[in-house]
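Here the structure is laid out as structure tokens; the discussion comes afterwards.
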Protein chains: 2
Amino acid sequence: MAFMIDSHVHSVFRSFEDFEALSFTGLTDVVSLAFYPVIPSGSTTLIDHFRHIIEAEPVRLSGSYIRVHPAIGVHPRCIPPDVQSVFKYMKKVVDNCVAVGEVGLELATNMELEVLREQLKLSKEKDLPAIIHTPRKEKRIITAKIIDVLREIGYFNVVIDHVNFENIDLVADLDVYIGLTVQRSKLNPEDLFKIVEEYVISNPEKFILNTDLGRDPSDLFSLPKSIQFLRVKGVDKDVIRLISEKNASSLFRI
Amino acid sequence: MAFMIDSHVHSVFRSFEDFEALSFTGLTDVVSLAFYPVIPSGSTTLIDHFRHIIEAEPVRLSGSYIRVHPAIGVHPRCIPPDVQSVFKYMKKVVDNCVAVGEVGLELATNMELEVLREQLKLSKEKDLPAIIHTPRKEKRIITAKIIDVLREIGYFNVVIDHVNFENIDLVADLDVYIGLTVQRSKLNPEDLFKIVEEYVISNPEKFILNTDLGRDPSDLFSLPKSIQFLRVKGVDKDVIRLISEKNASSLFRI
């Protein structure tokens, strides 16, 4: 059995049975990230969502053989009017988390940019990695703007996530982790293999696989499937272990 | 294929794939009820949870072949400090729902009793059914207190839910629907069959099956399994159709 860590899931939207089934594939740990499905009308919505992740999810899933590691953050599509109260709460409880996330930019409005800056400052202050979403639309332009913010804050202990052929050259030489999201509508196994050949094999300590498992239609088994696909394509098992387990273990200290 | 309606699920905690799989068993409609996994620290948490159910869930699951019918309410374990703001919001949007729920009593504190009263008044005013939770602990005593509140408000267009042998005699002669929740840790098929023999066959228009599918460990297929169990035990198909589809269809006008 290959042991795996999934560095990006939204566990609150998935059943106990899903995680139990995933445990049989060798999944041992997940990082459970914040995301709210409608724009929050007030700060308590996100604060209670964070409590849901930090306080309730590890208990709920404790019998599933999978450890849940919380990550909290204000996603660019989930900014409430009184976001400062959310930041204040995050400062108090983020030490109970393995990362700040999911943060990032969706449309790169001024508000989104400010919310990202604040959270990268918090990550830097707390010496915690940040998990950074790159959007589906305008992925290349928005990724460039995210990199500008990282340079401005001077913090690179991050995963730039959902990277694909549209933006990989922008981040390949940066001192960051690169998240490859193997999921329907994100990276299929064939594209993953091309990226592995072209970028990962020469620098396997830089890449982290994940699934973004959550409320959208998903392939529950996309991580073990992708790994088996890479294996039968002849990718070295040590490379597979790095990108599916060890790099995430180092970054998140889990 | 037997067509079914599940009158009590918490769809926000279940994947698209779960509902897609359930549609293949003949499930056509679910009533998706409100419940928040930690005690909300403010009213926007519940208001946004209601928006999640009303605005986002039917869209998310529209491709699953199952129709989602929203129900909103303050569960006795989810009372925020500023619950009056939640009631104000409910008044504005509950016309977009098929029921008020999940409401009820857990410990029957004064606060819980007041929150239940307010919501039964709203149900009465809006001529909407209420879905009433009965707890696992002290089920009999708490059910008696719920019945007192129904009498006080003078409203019986409700489902008293999660009924089992502990409290069924208390509600059997009341002019309400009785919810039988076929799920791990609630009613197993054998106990369901005993209740069907003893109570349902003589009065099949009074009972509604459901699963309470949500974040706790669940058997996804407990509704079709229970129905097949009743069928092979010889229960009349018309009785099965009433308790698994037609009664819910009448009550919720779906």
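Filter the stretch A:207-229 down to the residues that are over 29 Å from B:GLU57 (Cα atoms) and without any contact (Cβ under 8 Å) to a residue 40 or more places away in the chain and list them by number.
Taking the stretch A:207-229 as the starting set, the residues that turn out to be over 29 Å from B:GLU57 (Cα atoms) are A:207-208, A:226-229.
Across the stretch A:207-229, the qualifying residue is only A:GLN228.
Inspect all residues belonging to the stretch B:193-207 and state whether any of them is within 30 Å of B:ASN96 (Cβ to Cβ) and touching a helix residue (DSSP H, G or I) at 6+ places or on another chain (Cβ under 7 Å). Lay out the reasoning, then the answer.
Filtering the stretch B:193-207 down to residues within 30 Å of B:ASN96 (Cβ to Cβ) leaves B:205-207.
Checking which are touching a helix residue (DSSP H, G or I) at 6+ places or on another chain (Cβ under 7 Å) leaves us with B:205, B:207.
Yes, the stretch B:193-207 has at least one match.
Among the residues of the stretch A:232-254, which ones are in contact (Cβ under 8 Å) with a residue 40 or more places away in the chain, crowded, with 16+ Cβ neighbours inside 10 Å and either touching a helix residue (DSSP H, G or I) at 6+ places or on another chain (Cβ under 7 Å) or part of a strand (DSSP E or B) (or both)?
Across the stretch A:232-254, the qualifying residues are A:VAL235, A:VAL239, A:ILE240, A:ILE243, A:SER244, A:ASN247.
Tell me which residues, restricted to the stretch B:67-94, are hydrophobic (A, V, I, L, M, F, W, C) and either within 14 Å of B:VAL12 (Cβ to Cβ) or touching a Gly at 6+ places or on another chain (Cβ under 8 Å) (or both). Lay out the reasoning, then the answer.
At the first step, the residues of the stretch B:67-94 found to be hydrophobic (A, V, I, L, M, F, W, C) are B:68, B:71-72, B:74, B:78-79, B:83, B:86-87, B:90, B:93-94.
Residues satisfying the conditions are B:VAL68, B:ALA71, B:ILE72, B:CYS78, B:MET90.
Could you please give the count of residues in the stretch B:76-88 that are away from chain A (no Cβ under 11 Å) and either outside any loop (DSSP other than H, G, I, E, B) or surrounded by 21 or more Cβ atoms within 10 Å (Cβ to Cβ) (or both)?
6
For the stretch B:63-82, give me the residue count where each residue is closer than 14 Å to B:GLN119 by Cβ and modelled with pLDDT under 95.
0
Can you tell me which of (1) more than 26 Å from B:ASN110 (Cα to Cα); (2) under 17 Å from the mean Cα position of the chain (by Cα); (3) among the acidic types (Asp, Glu) is the one B:ASP236 doesn't meet?
(2)
Can we say A:PHE229 is aromatic (Phe, Trp, Tyr), over 21 Å from A:ALA108 (Cα atoms), crowded, with 16+ Cβ neighbours inside 10 Å and in contact with a Leu (Cβ under 7 Å, 6 or more places away or on another chain)?
no
Please specify each residue of the stretch B:208-226 satisfying the condition of being surrounded by fewer than 23 Cβ atoms within 10 Å (Cβ to Cβ) and hydrophobic (A, V, I, L, M, F, W, C).
Matches in the stretch B:208-226: B:LEU220, B:PHE221.
The values are calculated or read from the model by the stated rules, or taken from the named source; none is laboratory data. These numbers come from a predicted model, not from an experiment. Virtual Cβ from ideal backbone geometry, glycine too; neighbours counted across all protein chains shown.
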